[in-house]
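Engineer: Here it is: the structure, laid out below.
The values are calculated or read from the model by the stated rules, or taken from the named source; none is laboratory data. From a predicted model like this one, the values you see are computed outputs, not experimental measurements. Positions of Cβ are backbone-derived with ideal geometry, glycine not excepted, and every protein chain shown enters the neighbour counts. These area figures cover heavy atoms from the full protein model, side chains too; ligands, DNA and RNA do not enter into them. Shrake-Rupley method; radii C 1.70, N 1.55, O 1.52, S 1.80 Å.
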Amino acid sequence: MTNPETTEMKITFDELKHLVSDRALEGETLLLNMGPQHPSTHGVLRLLLELDGEEVINCIPDIGFLHTGIEKNMESKTYQKAEVMTDRLDYLNTMGNNLAYCLAVEKLVDLDVPERAQTIRVLMTELQRIASHLVWLGTSALDLAAMSVFLYCFREREQILDILEMCSGQRMMTTYFRPGGLWRDLPVEFEAAVREFLKTFPARIDQYESLLTNNPVFLDRTKNIGVMSSDQGFSWGITGPSLRATGVDYDIRKVSPYSGYQHYEFDIPTAAEGDAYARYVVRVEEMRQSLRIVRQALDNLPDGPVRSNNRKFVPPPRSELGTSMEAVIHHFKLWTEGFSAPKASLYLPVESPRGELGIFLEGDGSPKPYRVHWRTPSFVNLQALPFLSKGHFVADLVAIIGSIDIILGDIDR
Amino acid sequence: MDKALKSAIKDINKRFEAQETEFRGLVSLVVAPEHIVQVCSTLREKHHFEMLSSQTAVDYWPQEKPRFHLIYQFNSYAQKARLEVRVPLDGDSPVVNSVVSVFPNANWHEREIWDLFGIRFEGHPDLRRILMPHDWEGYPLRKDYPLGYEEVQFTFNYDEINRRKPKPKDY
C-alpha cells in the first residue's frame, strides 16, 4: 500500500495540513511536538502545537498510543470474565468502572443486588473518587511547580489504596464488584481503617487548600486560564467537574441515582468562572462531599448478604460445594459457559471523577457481550483542549491539560 | 417516562417516521440515515437535548441486514431525559452525513467510528484515524476482523510461523 519512497513524516504532515494556519505552511509560525513522552501530558498524549512565539495558535491532540482494543477483547470473553478489562480503562477509577459495568450487566439480565452490597459499592466508589482527585490535585499542582502538594496527596492516596487492597487484594486493579454483588464481604479491619481516614482527612484537605487556594503563584497560573462557558460545555459534551465549574449543577448521581445514591445527603459543588481555578475549587469541594457520603454509608451499613441469591448468575458460596450437587452444577456451568443475556442493548451512565462514564452494552442471547462501548469522560473532555488553549502561552497549556483531568487509559481504551 | 420526553418522541416519530422500541424503560428510535442531521437539529433546537453524550456503532455481520447500526445517545440537562437514536446502514462501506455541524463533539466520535468500523461521514471536517496508526489496514471492531492471537511455536513449525510473523517496517 505505502510507497517505500514516501517517508512517514510526509504522510503525517499532508494529513494535518488543513488543521494548521496558512502561516505555518510559509514557515512564519513554529510547529512543535509536545509529547507523547512528556511529564505534563499525564500519560502518552501527543500534542502538535502551532506557536507564534510563546502563544498557542493551534493545538492538535494526537491520541491512541495506549489503545489496547479493550472493547474488541471484551466481545470475546464471558460477562464475568470481561470485567477485569474494565479496571484497565481508567486506572484511577477502577471501582467506578467496575460499578458501571456491573450495573449495566445487572440491568441487562435483570439481576437483584442486596442492600449491603449496594451500600459498600457507594462507599468504595466514593473512596476511589477521593483517591482519583488526590492524584489529579497532586499532579496538576506539580505541573505548576508546587512539589510539596504532590507528596502530601500521594500520602493520603496511599491510605485509600491500602483500604482498597484490604478489601479486594489489589491496590489498583480491584475487580471488587461483581455482577450480582461483591467478590466477598468487607474484612474486619475495614471499619477501623475507614474511621481513621475519616478522622484525619478533613484536616488534610484544609492543609492542601492552605498551600494552594490563596497562593499568589497558583492564582496567577490558574485564574482566567482556559475559560469555558456553559454553552460551550454543553455543545462539546463536557461533563463532570469541568462542566460544574461553569455553573451547571449537573451530576448523574443526583439526576438519575443508581446504586442507592438517592439515600445520601450531599451537595453538588459548582463555580461560575469556568477557568482552571474554578475546576480546582470544584474538585476540592467534591472531596469533602465524597467524605460526607462515605461517613453516611459507613454509619448506615446494613447487615446481610453481599451477593444475590440468584444461582443462575452468581456462583454459590464455597461452603456449599462440598454438600450440594446442585451447587456444583451451578458453579461448573457459570465458570465454563457463563450466563447468557437477552438480545437487547442499553446505555448506562454513571458519574466518574472525570464526568459521565457511559457504557453501551449489547447482548445477543449468548454468554458473551455482543458489543461493549465505553463513553469515557476523558475522551470527550479532551476535545475541549484546542479551543481552551487558543491564545494562551505554552506554560498555561500545561495548566489547562492538568485542569481538565485526563487519563490516557480512559481516552485510548 | 415523563411528558417532555414523550412529546419529543412523538414529534420525531411523526416527522421522520421513526420506529420506537423500549427495553427496561430506555427508549430507542430507529431513524433512516438520510434524516439523521435533521433529527439531531430538531432534538437540539426544539426539545432541549443540548448534549450528544455518545455515538457508536454495532456490526451485525453476517446474521443481519442492514449490516451496521449507528447509535446516538442524546442527553437533556433541562429535562433530565435521555434518548437513543439508531441509524441502520447497509453495505460494506456505508456513508452517512456527519452531525458535526449540530454537535461539535461528534468530531472525535465519528473519527473513532471511521477508524474502527469503516463508516464514512460525509461533510466531516477532519476524517482521519484516531486510535489506530494512520497507515493501519482494516477496521478492527468489525465482526469479520479477527482478534489475532499469536500462534504457539513448536520445534516442528517454528520456521513456518516465524515467516508469517509481522516484521518491523523498513524505513
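Engineer: For labels at residue A:262 and residue B:21 in the simple 7 Å Cα→Cβ model, what's the distance in nm?
Structural biologist: If labels sit at residue A:262 and residue B:21, their model points lie 2.8 nm apart.
Engineer: So, one more: If DNA, RNA and ligands are ignored and the probe is 1.4 Å, what is the ranking of B:120, B:163, A:375 by accessible area, most exposed first?
Structural biologist: Of B:120, B:163, A:375, the descending order of accessible area is B:163, B:120, A:375.
Engineer: Check each of the chymotrypsin sites (Phe, Trp or Tyr not before Pro) in the stretch B:113-155 and keep only those in coil by DSSP with at most 10 other C-beta atoms within 10 angstrom; list them in order.
Structural biologist: Passing both the DSSP loop test and the Cβ count: B:149, B:154.
Engineer: Report the local net charge at residue B:124: Lys and Arg +1, Asp and Glu -1, summed over other residues whose C-beta lies under 10 Å from its C-beta.
Structural biologist: Result for the neighbourhood of residue B:124: 0.
Engineer: Choose one answer from B:105, B:97, B:157: the residue with the largest mean-square fluctuation in a GNM of chain B with alpha-carbon springs under 10 Å.
Structural biologist: B:157
Engineer: Taking chain A as the reference, fit the longest principal axis to its C-alpha atoms, fit the long axis of helix A:325-336 to the helix C-alpha atoms, and give the angle between the two in degrees, 0 to 90, nearest 10.
Structural biologist: 20
Engineer: Let me know the mean shielding of B:54-64 by other chains, meaning the per-residue number of their Cβ atoms within 10 Å of its Cβ.
Structural biologist: Counting Cβ atoms of other protein chains within 10 Å of each residue's Cβ and averaging gives 4.
Engineer: Here's something else I'd like to know. I need the fraction of alpha carbon pairs in the stretch A:27-184 separated by more than 21 Å, rounded to a whole percent.
Structural biologist: 58
Engineer: Looking only at B:59, B:115, B:135, which one moves most when chain B is put into a Gaussian network model with springs between Cα atoms under 10 Å?
Structural biologist: Fluctuation is largest for B:135.
Engineer: Would you tell me the accessible area of residue A:119, worked out with a 1.4 angstrom probe on the heavy atoms of the protein chains, in Å² to the nearest 10?
Structural biologist: 10
Engineer: Heavy-atom accessible area of residue B:10 with all protein chains present, probe 1.4 Å, nearest 10 Å²?
Structural biologist: Estimated to the nearest 10 Å², residue B:10 gives 150 Å².
Engineer: When the solvent-accessible surface of protein heavy atoms is calculated with a 1.4 angstrom probe, in what order do A:376, A:323 fall, highest first?
Structural biologist: Solvent-accessible surface, decreasing: A:323, A:376.
Engineer: What is the helix-to-structure angle for A:147-168, meaning the angle in degrees between its Cα long axis and the longest Cα principal axis of chain A, kept from 0 to 90 and rounded to the nearest 10?
Structural biologist: 20
Engineer: Name the residue from A:47, B:43, A:224 whose Cα lies farthest towards the positive end of the charge dipole of the protein assembly as shown, charges +1 on Cβ of Lys and Arg and -1 on Cβ of Asp and Glu.
Structural biologist: So the residue we want is B:43.
Engineer: I'd like the FRET efficiency for residue B:3 and residue B:101, computed as 1/(1 + (r/R0)^6) with the beta carbon distance as r and R0 of 45 Å, rounded to 0.05.
Structural biologist: 0.90
Engineer: Remind me, relative contact order of the stretch A:232-328 in percent, using alpha carbon pairs under 8 angstrom and six or more residues apart?
Structural biologist: Across the stretch A:232-328, relative contact order equals 22 percent.
Engineer: Using alpha-carbon pairs under 8 Å, 6+ residues apart, how would you state the relative contact order of the stretch B:82-156 in percent?
Structural biologist: On the way: 69 pairs, mean separation 18.6, N = 75.
Across the stretch B:82-156, relative contact order equals 25 percent.
Engineer: For the stretch B:123-171 and the stretch A:350-388, what is the centre-to-centre distance using only Cα atoms, to the nearest Å?
Structural biologist: 25
Engineer: So if we plug the beta-carbon distance of residue B:126 and residue B:150 into 1/(1 + (r/R0)^6) with R0 = 25 Å, what FRET efficiency do we get, rounded to 0.05?
Structural biologist: 0.10
Engineer: For chain A, rounded, prolate or oblate, judged on the Cα gyration tensor with a ≥ b ≥ c (square roots of eigenvalues), a/c < 1.5 rounded, else prolate if a/b > b/c?
Structural biologist: Numbers: a/c = 2.31, a/b = 1.42, b/c = 1.62.
Here chain A falls in the oblate category.
Engineer: Here's something else I'd like to know. What is the stretch B:1-103 by shape, rounded, prolate or oblate, if you read a ≥ b ≥ c off the alpha carbon gyration tensor as root eigenvalues and call it rounded for a/c under 1.5, prolate for a/b larger than b/c, and oblate otherwise?
Structural biologist: Since a/c reaches 1.5 and a/b is larger than b/c, the shape of the stretch B:1-103 is classed as prolate.
Engineer: Using the Cα atoms as the points, what is the convex hull volume per residue of the stretch B:31-171 in Å³?
Structural biologist: 146
Engineer: Next question, about the same structure. Please compute the modelled spin-label separation between residue A:223 and residue A:209, points set 7 Å along Cα→Cβ, answer in nm with one decimal.
Structural biologist: Using points 7 Å along Cα→Cβ, the separation is 1.8 nm.
Engineer: Which entries in A:107/B:143; A:223/B:46; A:343/B:46; A:77/B:6; A:107/B:6 show an alpha-carbon gap greater than 31 Å?
Structural biologist: Checking Cα-Cα distances, A:223/B:46; A:343/B:46; A:77/B:6 exceed 31 Å.
Engineer: Under a point-charge model restricted to the Cβ atoms of Lys and Arg (+1) and Asp and Glu (-1), what is the dipole moment magnitude of the stretch A:280-413 relative to its Cα centre, in debye to the nearest 20?
Structural biologist: Value, rounded to 20: 220 debye.
Engineer: Report the per residue volume, in Å³, of the convex hull enclosing the C-alpha atoms of the stretch A:129-246.
Structural biologist: On the way: hull volume 16.3 nm³, N = 118.
Normalising the Cα hull of the stretch A:129-246 by residue number yields 138 Å³.
Engineer: Excluding residue A:395 itself, what net charge comes from residues whose Cβ is under 13 Å from its Cβ, given Lys and Arg +1 and Asp and Glu -1?
Structural biologist: Within the 13 Å Cβ shell, the charges total -4.
Engineer: Tell me the GluC sites (Glu not before Pro) within the stretch B:125-165 that lie in a loop according to DSSP and have at most 16 other beta-carbon atoms within 10 Å.
Structural biologist: Values: sites: B:137, B:150, B:151, B:160; in loops: B:137, B:150, B:151.
For GluC sites (Glu not before Pro) across the stretch B:125-165 that sit outside H, G, I, E and B with at most 16 neighbouring Cβ atoms in 10 Å, the list reads B:137, B:150, B:151.
Engineer: Tell me, how many Å apart are the Cα centres for the stretch A:301-349 and for the stretch B:44-85?
Structural biologist: Taking the Cα centre of the stretch B:44-85 as reference, the centre of the stretch A:301-349 is 32 Å away.
Engineer: Show A:129, A:23 ordered by accessible area, largest first, where the area counts protein heavy atoms only and the probe is 1.4 Å.
Structural biologist: Heavy-atom accessible area, descending, gives A:23, A:129.
Engineer: Here's something else I'd like to know. Hey, rough spin-label estimate for residue A:158 and residue A:328, points 7 angstrom out along Cα→Cβ, what's it come to in nanometres?
Structural biologist: 4.8
Engineer: OK, next. For residue A:330, what charge total do you get from the other residues with a beta carbon under 10 Å from its beta carbon, if Lys and Arg give +1 and Asp and Glu give -1?
Structural biologist: Values: positive: A:311, A:312, A:333; negative: A:320, A:326.
Around residue A:330, the surrounding residues sum to +1.
Engineer: Only Cα pairs within less than 10 Å get springs; with that Gaussian network setup on chain A, which residue of A:269, A:241, A:36 has the largest fluctuation?
Structural biologist: Maximum among the listed residues: A:36.
Engineer: Another question, then. Efficiency by 1/(1 + (r/R0)^6): what FRET value for residue A:288 and residue B:160, r their Cβ-Cβ distance, R0 = 60 Å, to the nearest 0.05?
Structural biologist: E(calc), rounded to 0.05, equals 0.45.
Engineer: Once you charge only the Cβ atoms, +1 for Lys and Arg and -1 for Asp and Glu, what is the size of the charge dipole of chain A about its Cα centre, to the nearest 20 debye?
Structural biologist: Its charge dipole is roughly 1300 debye.
Engineer: Take every Cα pair under 8 Å in chain A that's 6+ residues apart, average their separations, divide by the length, and report that relative contact order as a whole percent.
Structural biologist: Relative contact order comes out at 24 percent.
Engineer: Continuing with this model, one more query. For the stretch B:48-112, what is the per residue volume of the convex hull drawn over the alpha-carbon atoms, in cubic angstrom?
Structural biologist: Enclosed volume per residue, from the Cα hull, is 82 Å³.
Engineer: May I pose another question? Only helical DSSP H runs with n ≥ 4 go in: add -39500 (n - 2.57) per run for chain A, normalise by residue count and round the 222 nm mean residue ellipticity to 500 deg cm²/dmol.
Structural biologist: Calculated from helices alone, the mean residue ellipticity at 222 nm is -14500 deg cm²/dmol.
Engineer: Another question, then. Taking every residue in A:58-71, how many Cβ atoms of other protein chains lie within 10 Å of its Cβ, on average? Spell out each step's value before the answer.
Structural biologist: Values: counts 0, 0, 1, 2, 3, 5, 9, 2, 1, 7, 1, 7, 0, 4.
Taking all residues of A:58-71 together, the mean is 3.
Engineer: Further question on the same structure: If I ignore ligands, DNA and RNA and count only protein heavy atoms, how much of residue B:93 is accessible to a 1.4 Å probe, in Å² to the nearest 10?
Structural biologist: Only protein atoms counted, so the area is about 90 Å².
Engineer: Name the residue farthest towards the positive end of the dipole of the stretch B:11-86 from the options B:33, B:85, B:60, assuming +1 on Cβ of Lys and Arg, -1 on Cβ of Asp and Glu, about the Cα centre.
Structural biologist: B:85
Engineer: If you don't mind, another one. For the stretch A:295-413, what size does the Cα cloud have along each of its three principal axes, sorted from largest down, in whole Å?
Structural biologist: 71, 41, 21
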